[in-house]
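Heads up, the thing below is written out as C-alpha cells.
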Amino acid sequence: MLTKQVEKALNDQIRVEAESSQVYLSMASWAEVKGLEGIAQFMYKHSDEERMHMLKLIKYVNERGGHAIVTDLSAPKTEYGSFQKLFQELYEHEIFVSNQINELVHVTLQEKDYATHNFLQWYVAEQIEEEALARTILDKIKLIGNDKGGLYLFDRDVQQITVDSAASDTGV
Ligand code: OFO
C-alpha cells in the first residue's frame with residue numbers, strides 16, 4: 001500500500017511525464033511544419049516514450065492500491081525559434097524532469113517505501129541516458145554552426161541517434 005505522500009508524489013510525476021509528452025509532441029509539430037522531417041520524427045518518438053513513462057507510473061500506482069489521477073495539462077509552447085533552441089529546450093526540460101525524479105525518490109526514502117524506491121531506479125537510470133542523449137545532440141549542433149549542409153545531414157541522421165548510441169558515445 002502506498003502512503004498518501006508517496007501516492008501524491010507519484011501522481012505529480014504522472015503529470016510531469018504527460019506534460020513532457022505534450023512538449024515533445026509540440027516540438028515535433030513545429031519541426032514538421034518547418035520541413036525538418038528527421039527532427040520531427042525524433043520528437044514524435046520521444047513524445048511516445050514519455051507517454052510510456054507516464055503509463056508505467058499509472059499502472060504502478062493502481063497496482064499498489066493507489067489511484068492514478070489523469071489531470072488537465074499545461075499547454076506547451078508552439079514556437080521554438082530555431083532547431084538549436086529547440087534542442088537546448090529539450091536538454092533543459094530533461095534536467096527539470098531529472099530534478100523532479102530526484103524529489104520523488106527523496107519522498108520514498110522519507111516514507112520508507114523501499115518498493116517504490118526500487119521501482120523508481122528505472123527512471124533514475126533513464127534520466128542519465130536522456131541527459132546524455134541531449135548533450136550528444138547539442139555537441140553535434142555546435143559542430144554544425146550555421147552550415148546548411150550540416151543541418152541537412154543532421155536532420156537526416158538525428159533519427160538514428162538513440163538513447164543507447166548516445167550512452168555508448170559518452171561512455172555512460
Ligand atoms: Fe524524458 O523522461 Fe520521462 O522520465
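The values are calculated or read from the model by the stated rules, or taken from the named source; none is laboratory data. Not measured: the values here are computed from a predicted model. Note that each Cβ is placed from the backbone with ideal geometry, even for glycine, and that neighbours are counted across all protein chains shown. For the accessible areas, the whole protein counts, side chains as well, though only heavy atoms, and no ligand, DNA or RNA atoms are used. Shrake-Rupley method; radii C 1.70, N 1.55, O 1.52, S 1.80 Å.
Computed quantities for the displayed model
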| read-out | value |
| --- | --- |
| Label point distance in nm, Asp139-Lys56, each placed 7 Å from Cα along Cα→Cβ | 2.5 |
| DSSP loop trypsin sites (Lys or Arg not before Pro) with at most 12 other Cβ within 10 Å excluded, longest remaining stretch of the chain | 1-76 |
| Degrees, to the nearest 10: 114-144 long Cα axis against longest axis of the chain | 10 |
| Residue-wise HN-Hα coupling along region 6-22, computed from phi with Karplus coefficients 6.51, -1.76, 1.60 (Hz; x: Gly, Pro) | 5, 4, 5, 5, 5, 5, 4, 5, 4, 5, 4, 5, 5, 5, 4, 4, 5 |
| Whole-Å distance, taken between Cα centres, linking region 61-84 and region 1-60 | 6 |
| Paired Rg and Dmax values of the chain, which use every Cα atom, in angstrom | 17.3, 56 |
| In Hz, Karplus ³J(HN,Hα) per residue of region 44-54 (6.51, -1.76, 1.60; θ = phi - 60°; x = Gly, Pro) | 4, 5, 4, 4, 4, 5, 5, 5, 5, 4, 5 |
| With Cα atoms, 0 to 90° folded angle of helix 148-157 axis to the chain main axis | 40 |
| Cut-off under 5 Å, modelled amide H: who pairs with Ala68 long-range | Asn62 |
| Placed amide H near Thr3: partners under 5 Å, 5+ positions off or other chain | none |
| Among Leu73, Leu143, Leu25, residue whose mean-square fluctuation peaks in a GNM of the chain (springs only between Cα atoms under 10 Å) | Leu143 |
| Backbone HN-Hα couplings from phi across region 92-99 [Karplus 6.51/-1.76/1.60, Hz, Gly and Pro as x] | 5, 5, 5, 5, 4, 4, 4, 5 |
| Accessible carbon and sulfur surface of region 41-91 relative to its total accessible area, %, 1.4 Å | 55 |
| Anchor Lys4: lysines whose Cα lies under 18 Å away (excluding residues fewer than 8 positions away in-chain) | Lys59, Lys112 |
| The chain - accessible surface per residue (Å², probe 1.4 Å) | 53 |
| Efficiency of FRET between Asp72 and Asp147 - r from beta-carbon atoms, R0 45 angstrom, step 0.05 | 0.60 |
| Other-chain or far-sequence residues with amide H under 5 Å of Glu111's (modelled H) | none |
| Förster radius 25 Å - calculated FRET efficiency between Asn118 and Glu92, Cβ distance, rounded to 0.05 | 0.30 |
